[in-house]
Amino acid sequence: MATDFLVAYATKHGTTGEVAEAVAEELTGLGLDVELRELRKVRDLAGYGAVVIGAPLYAGRWQKDARRFLKRHRKALAEHPVAVFALGPLKLTEEDVAGSRKQLDRALALAPDLRPATVEVFGGAIDPAKLRFPFSKMEATDARDWDAIRAWARSLPAELGGPLGQRDGDRPGVAVSDN
Ligand SMILES: Cc1cc2nc3c(=O)[nH]c(=O)nc-3n(C[C@H](O)[C@H](O)[C@H](O)COP(=O)(O)O)c2cc1C
C-alpha cells in the first residue's frame, strides 16, 4: 500500500532532524501513513502520495543534500505534491527571515519544474559545543517555534490537496474511497 507522506530531511547538527520528526509526528497524529527518512537515503519516490523536503541553510545556501535531491528526483517531484521547509534564521525578525527565505528561493529557482504547494522558513538553532572554531564561539540559540512548526505540519494535508486532505475523521489512517 502507498505511504501517504514521505518526510525527507537533511541535518548537519541534528536540529532540522528534530523538526522533521515533529512534522512526521503531527502527520501521523492525523492518521496518515508517514515515512521519515534522510534525503540522501531516499532512492525512489514511487509509492509516496506526497513529499515534504526539509534542510538547513548554511553559508547562504540550502544544504547540499537538498539541492542534490531536487536534481536527482526532478521528474518524480514534478509529479508529486511537495512541501518545502528550511531552517536558518537565528532571530525571527522580519529581515532575518526574509534573508533566509531569499537563500532558499535561490535553491528552489534551480528546480523550475518543482511547484511546492507550500514553502516555509523556520528559525534555526545552534549548539556551539557541536561546532568547530570559530563557530564554537557563537552564542547558543534556539529560534525554533514549535507551535508554528506543528501547525504548519497539520496544515499540510489540506495544502497539498487531493485525497490526503479528505480523510474520514472517524477512521484515522483509513483513506476515503469511492470503491
Ligand atoms: C556556520 C553556520 C552558518 C550558517 N549559515 C546560515 C545561513 O547562511 N542562513 C541561515 O538562514 N542560517 C544559517 N545558519 C543557521 C543554521 O541553518 C541553523 O543553525 C540550523 O538550525 C542548523 O541545522 P542542523 O542542526 O540541522 O544542521 C548557519 C549556522 C552555522 C553554524
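All of the numbers you see were taken from the coordinates with simple rules; none came from a lab. Worth saying up front: this structure is predicted, and the values here are computed from it rather than measured. Quick reminder, even Gly has a Cβ in these numbers, built from the backbone with ideal geometry, and neighbours come from all protein chains shown.
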Report summary line: Here, E94 and T141, labelled 7 Å along Cα→Cβ, have an inter-label distance in nm of 1.9 nm
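Among DSSP bridges having both ends in the chain, what percentage is antiparallel? Round to the nearest 5.
Numbers: 4 of 26 bridges.
Here the antiparallel bridges make up roughly 15 percent for the chain.
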Query - Among the listed pairs K102/K137; K41/K75; K71/K137; K71/K130; K71/K91, those beyond 28 Å (Cα-Cα) - result: K71/K137; K71/K130; K71/K91
Query raised in the report: Under 15 Å from the Cα of K64, which aspartates and glutamates turn up, not counting those fewer than eight places away in the same chain?
Result: E38, D105
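Counting Lys and Arg as +1 and Asp and Glu as -1, each charge on the Cβ, what is the dipole of the chain about the Cα centre in debye, to the nearest 20? Don't skip to the end; give the middle numbers.
Values: 26 positive and 26 negative charges, 236 e Å.
Around 1140 debye, computed over the chain.
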Requested in this report: Determine the gain in length on full extension of the stretch K12-A148; use 0.36 nm per residue of separation and subtract their C-alpha separation, reporting nm with one decimal.
Outcome: 46.8 nm
Report summary line: Residues meeting the amide H criterion for L90 (H placed from the backbone, H to H distance under 5 Å, 5 or more places apart or on another chain) are G124
Report task. Report the local net charge at D147: Lys and Arg +1, Asp and Glu -1, summed over other residues whose C-beta lies under 13 Å from its C-beta. Result -> +1
Query raised in the report: Using alpha carbons only, how many degrees (0 to 90, rounded to 10) separate the axis of helix 146-160 from the longest principal axis of the chain?
Result: 40 degrees
Report task. Please label the shape of the stretch 1-82 as rounded, prolate or oblate, based on the square roots a ≥ b ≥ c of the eigenvalues of the alpha-carbon gyration tensor (a/c under 1.5 means rounded; beyond that, a/b larger than b/c means prolate, else oblate). Result -> oblate
Query raised in the report: What's the Cα-based Rg to Rh of the chain, Rh via Kirkwood?
Result: 0.98
Report summary line: The answer for F85, listing residues at least 5 apart or on another chain whose modeled amide H is closer than 5 Å to its amide H, is I53, G54, A55, E120
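Note the full-extension length gain between K75 and A2 as 0.36 nm times their separation in residues minus their Cα-Cα distance, in nm to one decimal. Don't skip to the answer; put the middle values down first.
Values: separation 73, 0.36 × 73 = 26.28 nm, distance 1.88 nm.
Value of the extension gain: 24.4 nm.
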Report task. Return the long-range amide H neighbours of Y58 (sequence gap of 5 or more, or a different chain), with a cut-off of under 5 Å between placed amide H atoms. Result -> Q63
